[in-house]
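Okay, structure first, notes after.
The values are calculated or read from the model by the stated rules, or taken from the named source; none is laboratory data. Since the model is a prediction, treat every value here as computed from it, not as a measurement. Neighbour counts are summed over all protein chains in view; Cβ atoms, including those assigned to glycine, are modelled from backbone coordinates with ideal geometry. The accessibility values were calculated without ligands, DNA or RNA, using every heavy atom of the protein model including side chains. Shrake-Rupley method; radii C 1.70, N 1.55, O 1.52, S 1.80 Å.
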Amino acid sequence: MGSGLEFEPPQTCDSCAAHLQIKDLTPKWVLAALVLAAALAPARAQQAPARLDPVVVSGNGAERRAMETPFSVGVVDAQELREGGLMVNLSETLNRVPGLVVNLRNNYAQDLQISSRGFGARSTFGIRGLRLYTDGIPATMPDGQGQVSNFDIAGAQRIEVLRGPFSALYGSSSGGVISLVSAAPVASTYAIDGDVGSNGTWQARLGIESPLAGGWNIRAQLSRFETDGVRPHSEAQRTLGNIRLGWLGSNDTLTVLLNSVDQPAQDPLGLTRQQFDEDPYQTAPQATLFDTRKTSAQTQLGGTWRHRFEEAGALRASAVTLYYGQRDVTQWQSIPVAAQGNPRHPGGVIDFGRSYSGVDARLSWRWERAALTAGVVTERQGEDRRGYENFSGSAGDPTLGVTGKLRRQETNSMRTSDLYAQGEVEFGPSLTASLGLRSGRLNITTQDEYLANGDDSGSLSYHYTTPVVALQWMPAPDLNLYVSAGKGFESPTLGELAYRPDGEPGLNTSLQPQTSKQFEIGAKWRDAALGLALDAAVFRANTSDEIGVLTSAGGRSTFQNVGRTRRSGAELGLRWQIAPAWRAQMALTYLDATYRDGFETCTAVPCSTPADRSTVPAGNRIAGTMAQSAFAALAWQAFDSTELAAEVRLQGDMPVNDRNSDFSSTAWVGALRASRTFAIGPGTLSLLARLDNISGLRYAGSVIVNDVNGRYFETASGRTWLLAAHWRAPF
């Protein structure tokens, strides 16, 4: 939240969402029976959807066409989300957005690897450098750490992706923005979903939604997902629940969102180059030796109240958003027992409880040729962090993979306060200028409560101001030309500050924020006669004090500032309704992301001597970035209710470390899908079949950046299949 350009649900979109599931609710024989029943039922006619002009929503609650915005934005709608497969991971569909890389690690203990124009690529776990929202409620914590495990993709109306300079209006750590907007209930219905697929994967989901009396509406879903994983020791489960309550009055709307996720997962760790070449589907021995794993649980409650003013002059609207959440994580790592012999070592088990909350309030004005939105945001994050040995017994005869003696205990807190404003001025019917400014302060404090090895308490404070400006010219209603520029700011997260490079306890106080100057030139063109939508942009971002990974070992990472970097590139997005029964989509991205300064990086831990370091020359590619990526799809509506499609995705190579000593391989990955919808009695049954990686290509789907043990490679899925059934009926 927090800018006049934020993506929010429109005034009429006040739905509620949540999911239910029971193990073995959809075994293979049940799904087969559904398929057989559907094949014998009459088909329900459907028209090919028109997708040439997706809608984004501005911060004043009014809808805006994507092509009318002076920045790059991609929209993935509900049908595309369902076509992608399980609706569990954003990697299923968001790679069709230019400029965005979403890699599935096939390791649910470490979340997805997401980057936007190279921002966020350094992350070895979780999501950094991007802001995440669901129905306007932040899924990114005040320090910039984010996770998408609580995203209810099945309940989404669309997902919007903002890239470029204007993302800075969302505050610190906003190299890009991903925002999920839930679907509003329009009728009283229930839904039952069941999925089965390769690698012991299954999912069941139960949902219900209904308009209620007095302007209220509700949507609730509960789901259960399980998988054996691509490699041994990579099993995972996820239980996700979402409830969304909405109210629509004559001048007011209220949205309340409650979600909860519980996700235990094994961690197979990465593979060395030799291990990957021998057998990419093996698991590192350390994973089973230490039983590496992670449990995480998160519950979040948030709400937004919007009011439209009448007869108040230029004052048009107000909005207030409040949220509170709690996240608990325990992670057992593969840190050797001997390394924990140092009395100042924090141990091999991470355990923390984190609470976070925030409030965002703003007002919007509109004049004949100008508009302004201004607001204030304050957020708080508190964390009780503990460290334990990952063994019990003596160091000479240990029992590994258990929670042992306490080695670290501290209380960390972060507070932020921001002011922001964003406005537009129309110089004529076709020329508009947009200006924005955000200024904020971040305060971090740590209080050491484990004093047996000394007092590591301390505090840090950061200030930032990020202006943005854009000039937009629309010589015709279907043509938009724009140029934009802005400054970005990214503070270290608490996770990045948690460990010092020398292995000693205490915050990494030497780590400084990174700043950037970003520029973008773009064009958007729509041609209804041709059924064509085209978006293109070229961009550059120059960054100072870039935050990079210094060491990554055993699931624990330390970070440093590596000087100046540059990200330059181009993006192209195309949607084409070739004919009533044929549609095509394409996304192309080129990115040149390099270090402009040389620096030293660690090649061994604890990285305390010159022998543990090596020099990275200027000109090397930024670790984890992808120079080329592409997506293309061709869909044919063979019958009124049947669609067949082919997809292909290019995943470019990625440097595994700053030294560029190795790269993941370039991969072309193809997929086929078929879907059909049937009318059965009062309800509708939708079936989906997918075959992914049809060639069975063996490749690394993601990399663990700068792993000092050389375990860089995380294996992508081989040839996989999925069968999905969705039943929806009124009540």
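So the values come out like this:
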read-out: Positions within the range 430-440 being among the polar types (S, T, N, Q), open to solvent by less than 40 Å² (accessible area, probe 1.4 Å) and within 31 Å of the chain's Cα centre (by Cα), in sequence order; value: Ser434
read-out: Filter result (more than 17 Å from Ser174 (Cα to Cα), open to solvent by 40 Å² or more (accessible area, probe 1.4 Å) and touching a strand residue (DSSP E or B) at 6+ places or on another chain (Cβ under 8 Å)) within the range 416-429; value: Val425, Glu426, Phe427
read-out: Members of the range 238-257 that are more than 19 Å from the chain's Cα centre (by Cα) and open to solvent by 40 Å² or more (accessible area, probe 1.4 Å); value: Ile243, Leu245, Trp247, Leu248, Ser250, Leu254, Val256
read-out: Within the range 638-648, considering residues that are assigned to a strand (DSSP E or B), out of contact with any Gly (no Cβ under 8 Å at 6 or more places or on another chain) and not hydroxyl-bearing (Ser, Thr, Tyr), the one farthest from Ala338 (Cα to Cα); value: Phe639
read-out: Check on Ala187, farther than 23 Å from Gly84 by Cβ, modelled with pLDDT of 90 or more and outside any strand (DSSP E or B); value: yes
read-out: Selection count where residues are surrounded by fewer than 16 Cβ atoms within 10 Å (Cβ to Cβ), in contact with a strand residue (DSSP E or B) (Cβ under 9 Å, 6 or more places away or on another chain) and of a type outside the set (D, E, K, R), scope the range 391-405; value: 3
read-out: Residue in the range 397-412 that is among the acidic types (Asp, Glu) and part of a strand (DSSP E or B) present; value: yes
read-out: Of all residues in the range 678-712 being open to solvent by less than 20 Å² (accessible area, probe 1.4 Å), touching an Asp or Glu at 6+ places or on another chain (Cβ under 9 Å) and not aliphatic (A, V, I, L, M), the one that is nearest to Gln110 (Cα to Cα); value: Ser702
read-out: Entirely in the range 559-637, the strands (runs of 3 or more DSSP E) that have 1 or more residues that are open to solvent by 30 Å² or more (accessible area, probe 1.4 Å), closer than 29 Å to Asn709 by Cβ and of a type outside the set (Gly, Ala, Ser); value: 599-602, 613-616
read-out: Qualifying residue in the range 120-132 (condition: under 19 Å from Tyr324 (Cβ atoms), surrounded by 24 or more Cβ atoms within 10 Å (Cβ to Cβ) and either in contact with a Cys (Cβ under 6 Å, 6 or more places away or on another chain) or not aliphatic (A, V, I, L, M) (or both)); value: yes
read-out: Residues within the range 441-477 that are open to solvent by less than 10 Å² (accessible area, probe 1.4 Å) and under 27 Å from the mean Cα position of the chain (by Cα), tallied; value: 5
